[in-house]
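Everything on this sheet refers to the single structure shown next.
Derivation of every value follows stated rules applied to the coordinates shown; laboratory data play no part. This is a predicted model, so every value here is computed, not measured. So basically every Cβ, Gly included, is an ideal-geometry build from the backbone, and we count neighbours across all protein chains shown.
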Amino acid sequence: MNAKTREAPQDVVIQGTEIELNQFLKLTRAVSTGGEGKALIQQGAVRVNGEIETRRGRTLRSGDVVRLAGRGVYRVRGADQEPS
């Protein structure tokens, strides 16, 4: 395992309890456009909870961890949750 694999996730607070993957990628500012996020997803560069995700509309819930190849690791956190 390299240092990137063990990178601690950055909490990203969402409104409500769910968010679609494509919206979440824009919220993290790891991508600047929906098209950029779509391309990353189609390339297999996005993992959700350790599994490659190819669905832009995948519903994320609080506690899910999203890893973008070379761009960071993010944890979904609802606004009403305590930080980890």
For this session: Determine which member of the set Arg67, Arg55, Arg75 is assigned to a loop (DSSP other than H, G, I, E, B) and in contact (Cβ under 8 Å) with a residue 12 or more places away in the chain.
Result: Arg55
Exercise. Looking only at residues in the range 17-52 that are charged (D, E, K, R) and outside any helix (DSSP H, G or I), which one is surrounded by the fewest Cβ atoms within 10 Å (Cβ to Cβ)?
Worked result: Glu51
